[in-house]
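Data first, discussion second: the structure below is written as structure tokens.
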Amino acid sequence: MPSFRLHSNYNPHKEAEQFVNTIEGNPSIIVITEPGESYLAPALRSSFPGARLIAIRYTDDLFSDSDTLWDSVWRPLRGNLPFFLLAHIPDELLGAVRFLSWKAADKAFPSQADAVWKGIRYTIDLLTSVMHTRSFFGRTWLKNMIDNAVRLDHPAEIHFGSQDFILAGAGPSLQYMTAVQTEPYTLVAVTSAYAALAARAIQPQFCISTDAGYWARRLFDGIPHTVPLAFPLEAAVPAAMLQHNPCALLSYGSPLETMLCTALGLFPLAARENGTVTGTACDLLLRHTKQQIILAGVDLAATQGLSHVQPHQSTVRLLCSADRIHPFAASLATQQFQTQSLEIYRQWFLQLAPERTKRLFRVRAGGAALPNITTLDAIPIPQQKTLENSGALCSIPAVNKEKALQPFSIRSYTIAAFSERMQTVHSLLSALHTEISAIITENPQQLAAQTVSIEKQVCALCGYTAYCNVLKAPADRESQHQLAEQVDGVFARLLKRTAV
């Protein structure tokens with residue numbers, strides 16, 4: 001490697017101080033690309049003692065002696081950069097983040113710098129999208145959480161058993177799956193795939209949903225009351241399903257989920273929030289089981305014509321809204337161009353660690369490539385130990401008939417009566433409203449603290465934009481007033497809904 005110099009030969013500390021003096025404002029997070037020997041770290045700590053410092057390295061081994069000077073460090077070996085940044089940058093703090101480059105390093109590593117900054121720009125786009133989503137759906141999520149917690153009549157706990165799994169997405173390739181293929185497996189399906197499975201006489205052991213939008217309720221159409229459901233509190237679930245189906249709650253570990261579940265005697269299953277229900281379901285199985293997982297209908301790419309396996313509720317919706325001015329074919333064409341979210345979902349699978357992907361197999365889909373996951377031509381039947389795949393043999397464990405496999409099961413448990421649950425939640429909301437109002441009025445700086453709290457979560461759900469404005473300027477009276485007004489309005493409606 002040719003020699004290069006990243007820092008002043010005369011006074012690198014002074015050079016670092018001059019660089020830091022150019023940073024405007026009071027950032028909460030500072031991301032610096034390839035800081036070399038890290039002379040910047042002490043200078044940044046001196047000028048911004050409350051900021052979190054993140055170093056993005058261009059190589060896997062250079063300058064490792066100074067990594068401890070940073071709060072977090074990424075190197076190429078850690079995998080996908082956008083997912084690393086998403087894990088370390090809360091979306092509500094995006095406006096208080098400074099992304100900075102050490103120009104000498106960019107000149108020394110031009111290709112690495114180009115790749116890293118493309119990843120940073122992609123991350124900013126993702127965070128901006130998340131902010132828009134939270135701003136639009138925040139109050140819906142909060143309403144769903146309260147409604148589901150109160151109206152859930154048949155809570156249940158999942159016992160996954162010891163059989164291998166098939167995870168059914170709603171991609172077009174799911175049409176090739178048969179009931180015979182699924183018999184030796186535990187079949188987990190996203191709710192949007194249920195109609196297509198039922199049309200092929202295939203019954204999943206349970207269905208999972210995470211979408212919070214009102215349209216997600218239509219994806220439950222046709223699911224019998226005997227089929228168990230798994231969903232987080234924020235999901236949109238039809239009232240009839242809450243009243244009759246066995247329901248296993250998923251929890252992302254947020255303070256509000258914890259408060260509600262604890263108060264109502266609910267026992268949720270730990271899950272990880274994801275941009276796609278299929279990703280959440282896959283992570284759930286990887287986290288709570290040790291078995292192999294076969295992905296079916298996980299195409300992750302738009303195809304010619306219909307983008308979902310048929311029948312599917314999205315197609316029904318398009319057909320119902322089609323007319324001479326808005327023909328069905330034009331609506332389908334529009335769907336084909338909306339592929340950004342599919343690429344985000346694909347990136348989630350690509351960033352999975354090898355120790356996780358070794359348990360994953362994907363039925364050949366003809367969709368987006370996932371080179372880190374073994375591809376199968378078809379779902380293996382019990383007698384098969386290998387499947388021929390593009391001239392090579394792909395081995396997956398065969399069903400062991402000598403050892404009895406524990407099947408999937410679900411156990412219901414008892415909770416308080418509906419009226420008692422309503423009263424409990426009403427009291428919790430009343431106390432929480434009083435506490436949050438006092439914080440906004442008397443101690444808004446508490447909301448800007450870099451800690452997770454139920455007050456911060458609820459403020460973000462009630463009025464995301466106003467909450468972000470308070471984070472930027474806690475002492476601004478106008479921002480405080482706007483947030484307090486929005487919080488009061490949301491709580492007034494929730495308290496009315498839960499009044500006994």
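The values are calculated or read from the model by the stated rules, or taken from the named source; none is laboratory data. None of the values given here were measured: they were computed from a predicted structure. FYI the Cβ positions are ideal-geometry reconstructions off the backbone, even for glycines, and counts take in every protein chain you see. Calculation scope for accessible area: heavy atoms of the full protein, side chains included, ligands and nucleic acids excluded. Shrake-Rupley method; radii C 1.70, N 1.55, O 1.52, S 1.80 Å.
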Selection over the range 443-468 where residues are part of a helix (DSSP H, G or I) and over 22 Å from Thr258 (Cα atoms) yields a count of 5
Can you tell me which residues in the range 68-104 are within 29 Å of Thr357 (Cα to Cα) and of a type in the set (D, E, K, R)?
Asp71, Arg75, Arg78, Asp91
Give just the number: which of (1) open to solvent by 40 Å² or more (accessible area, probe 1.4 Å); (2) within 30 Å of Ile373 (Cβ to Cβ); (3) touching a residue at least 40 places away in the same chain (Cβ under 8 Å); (4) outside any loop (DSSP other than H, G, I, E, B) does Ala281 not satisfy?
(1)
Take Arg421 and decide whether it is of a type outside the set (A, V, I, L, M, F, W, C), open to solvent by less than 50 Å² (accessible area, probe 1.4 Å), within 30 Å of Ala156 (Cβ to Cβ) and at pLDDT 95 or above.
yes
Does the range 26-39 include one or more residues that are assigned to a helix (DSSP H, G or I) and either open to solvent by less than 10 Å² (accessible area, probe 1.4 Å) or at negative phi (or both)?
no
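Of all residues in the range 443-500, which are of a type in the set (Asp, Glu) and surrounded by fewer than 13 Cβ atoms within 10 Å (Cβ to Cβ)? Even if it seems obvious, please write down each step before you answer.
Narrowing the range 443-500 to residues of a type in the set (Asp, Glu): 455, 476, 478, 485, 488.
Glu478 - this is the single residue of the range 443-500 that is of a type in the set (Asp, Glu) and surrounded by fewer than 13 Cβ atoms within 10 Å (Cβ to Cβ).
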What residue, of Ala212, Ala270, Ala248, Ala230, is of a type in the set (Gly, Ala, Ser) and over 16 Å from the mean Cα position of the chain (by Cα)?
Ala248
Starting from the range 79-99, keep only residues that are under 14 Å from Tyr122 (Cβ atoms), then list their pairs with residues that are charged (D, E, K, R) and surrounded by fewer than 16 Cβ atoms within 10 Å (Cβ to Cβ) whose Cβ atoms are within a distance under 7 Å, requiring at least 6 positions of separation or different chains.
Phe84/Arg78
Residue check: is Leu53 in a helix (DSSP H, G or I), closer than 20 Å to His7 by Cα and modelled with pLDDT of 95 or more?
no
If only one of Arg45, Arg52, Arg57 is out of contact with any helix residue (DSSP H, G or I) (no Cβ under 8 Å at 6 or more places or on another chain) and among the basic types (Lys, Arg), which one is it?
Arg45
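At least 3 residues that are at pLDDT 95 or above and open to solvent by less than 30 Å² (accessible area, probe 1.4 Å) in each: list the strands (runs of 3 or more DSSP E) lying fully within the range 84-193 that qualify.
165-168, 186-190
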Within the range 469-478, can one find any residue that is among the acidic types (Asp, Glu) and in a loop (DSSP other than H, G, I, E, B)?
yes
